[in-house]
Amino acid sequence: MKLLYFCPVGQGGLADYARQQANAISELGVNVDLLTVPGFSEGQDARFNQLPRLKEPGVTNEALSRVRRRITAARTILHNFKVLSETIRAGDYKHVLLGSFSEYLAPLWSGRFRRCAKSGVIFGAVVHDPVRDFELGPTWWHRWSIARAYSFLREAFVHEPIALDTVRNMPGLRTTVIPLGPYRFQKPTDTRDQARSKWKLPAEAKVMLSFGHIRDGKNLDLAIRAMAAYPSLYLIVAGKEQSSGQKPLSYYQNIARLLNVDDRCRWLYGYVPEEDVGNLFLASDLVLLTYSRDFRSASGVLNAAIFYRKPCIASGGLSNLRTSVHEYNLGIWAEPDDLESLIKSIRKFTDDPLLPKWDEYEARNSWQRNAAIVVGALMEGHPRNELQHWVK
């Protein structure tokens, strides 16, 4: 079996997920060709073939107007799906896995893949964000786009049981739950004292870490407001704005100044070098995953917290994040979008140490299980002995 894996991003959570999943599928004996952008997960261990033929969607000139940036992004999306179609035909692939589900502009690009599906190509997609409630354009276009993006898939892989809203009836689409495997990161290079000294953090302080993209749905403003109730509480914000449509870092910095807690905040703006990631988690006591109630997905940052053995304060809607935190005692659950609940959760953390089930989580949520389920679903219909080989 050979598999074409489509991943049009080179860095961040989706790229990390794709690398881990592609490696695990390769270890089953599948020949994986990963169609991606130049520099994908640069310097990382890869046991798959890379086809760096795509354009990075996020690479746009900030000097351009908002309309011009959107046009550039649309052209990139259409270009990448055109390259995917051409690669399928040229390589005679029969199994294709989309590393993430996306409906943007699907009425313009999905037709060629429906034709591929009719000719015998089996498509699957990892649906990281199953609730597609972010609308670009009018609602009718958004709904049509969702339906078209699902129209050629046979397999949809999710991290939590859910009835996908496919807009139209999709009798040929199957939804399968797969575990979210733990990410592997570089171990800390400093001691805890050295890491704290680097970012001017008192040795005795309690330190919260907000890691990853800065966006409205993470409720970072509530975390800053909660600091006013805890004079010994510090905050590290490490990441950059996700898009121009989100509140900028300066918005949160202004809140910190108004509340006189800015001297207890550390702002590490931009992409965090891999060698600093471990030291940031080492310097911290608690990871913030305080998503809004609209969050219905899994969290890659949770897996980083698990790797570094750091508990979290989490919130959000019904999701894999909520299930994982509760089932394995990985942190304290707060009511989403609620300042008082967040304050109480911080107090609970400081007063009552947690006993997370780190090892149990990692044992039951492995990339090996993830890959075996994905390959088993994609291979269904092949001779029974061959299918058993992939999923044993």
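Using C-alpha pairs below 8 Å separated by at least 6 residues, the relative contact order for the chain is 14 percent. All other residues whose Cβ lies under 14 angstrom from that of residue 26 are scored, Lys and Arg at +1 and Asp and Glu at -1, for a net of 0.
Hey, could you grab the Kirkwood Rh for the range 192-362? Inverse mean 1/r over distinct alpha carbon pairs, Å, one decimal. Mean inverse Cα-Cα distance, inverted, gives 16.0 Å. Summing Lys and Arg as +1 and Asp and Glu as -1 over all other residues whose Cβ lies under 10 Å from the Cβ of residue 269 gives a net charge of 0.
Helix 66-91 axis versus longest C-alpha principal axis of the chain: approximately 40°, rounded to the nearest ten. Taking every C-alpha pair closer than 8 Å and separated by at least 6 residues, the mean separation divided by the residue count of the range 192-362 gives a relative contact order of 22 percent. Where the alpha-carbon atoms of the range 81-134 are placed on the principal axes, they occupy 34, 20, 19 Å, in descending order.
Look at 141, 358 and count the other Cβ atoms within 10 Å of each Cβ; fewest to most, that gives 141, 358.
Restricting the calculation to Cα atoms, the chain yields a radius of gyration followed by a Dmax of 21.6, 67 Å. For the range 88-216, lysine pairs separated by 8 or more sequence positions, or belonging to different chains, with Cα-Cα distances below 23 Å total 5.
Kirkwood-type hydrodynamic radius, the range 296-358: 11.8 Å, calculated from all non-identical alpha-carbon pairs.
What is the sum of charges around residue 357, taking Lys and Arg as +1, Asp and Glu as -1, for the other residues whose C-beta is under 12 Å from the C-beta of residue 357?
Numbers: positive: 309, 364; negative: 327, 359, 360, 362.
Local charge sum for residue 357: -2.
Placing unit charges on the Cβ atoms only, positive for Lys and Arg and negative for Asp and Glu, gives the range 192-362 a dipole magnitude near 300 debye about its Cα centre.
A short reminder: the numbers here are calculations on the coordinates, not readings from a lab. As the structure is a computational prediction, the values presented were derived from the model and not from experiment. Don't worry about glycine lacking a Cβ; one is built from the backbone with ideal geometry, like all the others, and counts go over all protein chains shown.
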